[in-house]
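Below: the structure, in structure tokens.
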Amino acid sequence: YMPMGHAVSSLLADIDGNIWVGTFYSGIILFPETGYPFHNIEFPKDYNIQLIDGLTEDFQGNIWIATDRHGIYCYSPQKDIFRKIGNTTDCKFKCICYDPASNSIWLGEYKGHLHRYDIATGKSFHYHAQDRRGRVIDISIFDIAFKDGMMYLATGGGVYTFDYTREKAITRKL
């Protein structure tokens, strides 16, 4: 059982069968595939991260972590090393997803934008939603899914689609 008093905000089942639990104000708890003991994954003291909004795993087994106003992190379980990614501390990330086709991390933001981090190059890209007149609008993205070359974005205003192969603005609402 998980220790009492932990509000869970995200879950990840990794390729090895471990369960990673992102919490509100208690960081990350790992349930090993072998069972007990579960344990907290300790961020370096200077990071002061507690609010975990999303977890995903890349093809190398790294765990990518989206936080609320503390940025993006990559954790190597094999080496027990955290790495802060870019300058994203002003972003209120709500979800994170790995796309193996592009080897990229996609992130949804609260009242903001869609972000893509290219793992190979270390470059970040931002995409805005637009209304039918082409005006930029803020949307809150709470989840991301891929199907047949399209990206589906769960938002407070419904489901939006994004043709990420062309990397055009988010315009179509289902």
Segment 24-40 and segment 97-163: distance between their alpha carbon centers, rounded to Å: 29
Along the three principal axes, how long is segment 88-147 when you take its alpha carbons, biggest first, rounded to the nearest angstrom? 34, 28, 20
Would you mind telling me the share, in percent, of accessible area of segment 1-120 contributed by carbon and sulfur at probe 1.4 angstrom? 54
When the solvent-accessible surface of protein heavy atoms is calculated with a 1.4 angstrom probe, in what order do Arg166, Arg116 fall, highest first? Arg166, Arg116
Let's see if you can work this out: charge +1 on each Lys and Arg Cβ, -1 on each Asp and Glu Cβ, no other charges. What is the dipole magnitude of segment 1-76 about its Cα centre, in debye to the nearest 20? 240
Size of the dipole of the chain about the Cα centre, Lys and Arg at +1 and Asp and Glu at -1 on the beta carbon, nothing else charged, in debye to 20? 800
DSSP loop (so not H, G, I, E, B), at most 12 other Cβ within 10 Å: list which chymotrypsin sites (Phe, Trp or Tyr not before Pro) in segment 58-98 pass both filters. Phe59
Mind jotting down a quarter of the surface of the convex hull over the alpha carbons of segment 1-54, in square nanometres, one decimal? 3.8
Starting from the eigenvalues of the Cα gyration tensor, five times each then square-rooted, give me the equivalent ellipsoid semi-axes of the chain, largest first, whole Å. 29, 16, 15
Computed about the Cα centre, the charge dipole of segment 70-116 from +1 Lys/Arg and -1 Asp/Glu charges at the Cβ has a magnitude in debye, to the nearest 20, of 80
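The values are calculated or read from the model by the stated rules, or taken from the named source; none is laboratory data. Quantities reported herein were computed from a predicted structural model and do not represent experimental measurements. Note that each Cβ is placed from the backbone with ideal geometry, even for glycine, and that neighbours are counted across all protein chains shown. The protein model used for the area step is the full one, side chains on, heavy atoms only, and it has no ligands, DNA or RNA in it. Shrake-Rupley method; radii C 1.70, N 1.55, O 1.52, S 1.80 Å.
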